[in-house]
Amino acid sequence: MNIDLVDSSVNYARDKDEKLKKACEDFEALFVSKMFETMRKSEIEGGLIEKSRGEEIFTSMLDSEVAQESVKGGGMGLAKMLYDSLGKYTADDKGNNFPAQEKTASAGDDIVKLRQQLSGTDVASDMSVR
């Protein structure tokens, strides 16, 4: 394993935090966009000029863009609530780039140890490595 390839200047906990914030903002933008779409469906159809397919596509794109811009300006606060709720799960990293992980034995070693511990019982005699 070549350790020189790891860039120690990258803070993976901070990047995870930024990704969570972006995901929360994207979710709020999608929510607002779907809300606009539902509101437009409640409009009474008709009028002098019928809507074309192009106008429907443009309106959909406009709603998505307005939703994105509203989130950048603070939006409804849904992204902040989600970020605050989910952020507590990423706070455990405490800025560590590579959290220490416990090394575990392979499954075969675990079975052998279990057999040794249970030797003389019915359970140990029924166990077999497959």
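Apply the Karplus curve 6.51 cos²θ - 1.76 cosθ + 1.60, θ = phi - 60°, to the phi angles in the stretch 36-48 and return the couplings in whole Hz, x for Gly and Pro.
Going residue by residue, I get 4, 4, 5, 5, 5, 5, 7, 5, 7, 6, x, x, 6 Hz, with x marking Gly and Pro.
Return the Cα extents of the stretch 21-73 along principal axes one, two and three, sorted largest first, each rounded to a whole Å.
That gives 44, 19, 16 Å along the principal axes, largest extent first.
Each reported figure results from applying straightforward, stated rules to the coordinates on display, with no laboratory input. From a predicted model like this one, the values you see are computed outputs, not experimental measurements.
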